[in-house]
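Note sheet for the following structure.
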Amino acid sequence: MDAVSDPLLNNTDNARRLFKAFSEISHGFSTLDVVNASLNMVVNAVRQASTTQRNASEMWDELIARSKGLLMDGYDSTGRKKGIFPFTQTLTANPAMFKMKKPD
Amino acid sequence: MASVLYPLYKEGLLGAAANTSLNQGDATNGPFCSLIDQGTYTYSAAHQFYSSAAAAAVGPANGVQITTPTVVAGTFDGGDVTFVAVTGNSIEALIIYRHNAGANTTWYLVSMLESDFITGLPVQPNGGDILITWHSSGIWTL
């Protein structure tokens with residue numbers, strides 16, 4: 001594995017290609033297997049890129065903060081997962097207001 | 001702004017104008033319902049025909065027919081309405097209008113129903129269906 005701090009490799013397209021490849025390979029494995037393998041890759045990458053414990057700790061904290069932001073983006077303000085797939089929405093004549101009256 | 005019956009529709013009813021009846025249920029002549037983006041359309045008592053609101057329709061441009069309409073003892077009723085796979089602007093109101101075989105410059109605007117009448121408005125389309133379920137006793141009564 002190359003050092004993640006290498007500026008020639010540290011760009012979005014490379015990260016996306018790697019993520020896509022890892023996602024394809026992960027197909028069929030359990031969530032826990034994927035999480036464990038991903039974490040091991042991150043730990044290895046941070047360790048190889050950091051010569052001191054302090055550097056490693058700072059890099060780790062930054063990665064966790066950034067990834068938590070990405071994770072939270074997937075949920076709305078009420079704490080529910082954002083809708084990705086279309087679903088049926090229902091509009092109902094309001095019985096409390098309606099009372100068979102006509103619109104004014 | 002509250003839900004309204006368009007004044008010029010009432011005028012048309014009282015004057016027995018053509019294409020004002022709501023109890024016809026064939027595919028051409030009868031009540032239709034449109035989803036309306038009020039960011040695009042603003043109600044005016046001077047509006048008479050659907051052409052005034054057509055540009056604000058979300059989903060099918062000419063709305064969806066209210067099937068099996070009935071008018072009994074002053075109550076207008078009809079079947080629930082489903083808009084299929086709706087995308088587009090947010091929807092703040094429903095407009096019921098009277099469709100006929102002519103151009104939309106002859107389709108009477110009947111009523112505009114807002115959140116005081118319809119629970120669930122405003123709604124942001126998500127690509128899924130939007131189902132309108134009317135009150136069990138009817139859509140409205142004169």
- Message: With the condition being under 19 Å from B:A54 (Cα atoms), I'd like the strands (runs of 3 or more DSSP E) fully within segment B:65-142 carrying at least 3 qualifying residues.
- Response: B:81-83, B:93-99, B:108-113
- Query: When residues of segment A:31-60 are filtered for being surrounded by 15 or more Cβ atoms within 10 Å (Cβ to Cβ) and of a type in the set (G, A, S), how many remain?
  - Reply: 4
- Message: With the structure loaded, tell me whether B:D77 is among the charged types (D, E, K, R) and more than 16 Å from the chain's Cα centre (by Cα) or whether it fails that test.
- Response: no
- Note on the structure: In the set B:S111, B:S115, B:S136, the lone residue that is at the interface with chain A (Cβ under 9 Å from one of its Cβ atoms), surrounded by fewer than 14 Cβ atoms within 10 Å (Cβ to Cβ) and over 14 Å from A:T88 (Cα atoms) is B:S136
- Can you give me the number of residues within segment B:31-88 that are in contact with a helix residue (DSSP H, G or I) (Cβ under 7 Å, 6 or more places away or on another chain), exposed (fewer than 15 other Cβ atoms within 10 Å of the Cβ) and under 20 Å from B:W140 (Cβ atoms)? 1
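Residues in segment B:11-19: is at least one aliphatic (A, V, I, L, M), surrounded by fewer than 17 Cβ atoms within 10 Å (Cβ to Cβ), under 12 Å from B:W107 (Cβ atoms) and more than 15 Å from the chain's Cα centre (by Cα)?
So far as segment B:11-19 goes, yes, one or more of its residues are aliphatic (A, V, I, L, M), surrounded by fewer than 17 Cβ atoms within 10 Å (Cβ to Cβ), under 12 Å from B:W107 (Cβ atoms) and more than 15 Å from the chain's Cα centre (by Cα).
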- Which of (1) assigned to a helix (DSSP H, G or I); (2) aliphatic (A, V, I, L, M); (3) modelled with pLDDT under 80 does A:L9 not meet, given it meets every other one? (1)
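The values are calculated or read from the model by the stated rules, or taken from the named source; none is laboratory data. The shown structure was predicted, so the numbers you read here are calculated from the model rather than taken from an experiment. Don't worry about glycine lacking a Cβ; one is built from the backbone with ideal geometry, like all the others, and counts go over all protein chains shown.
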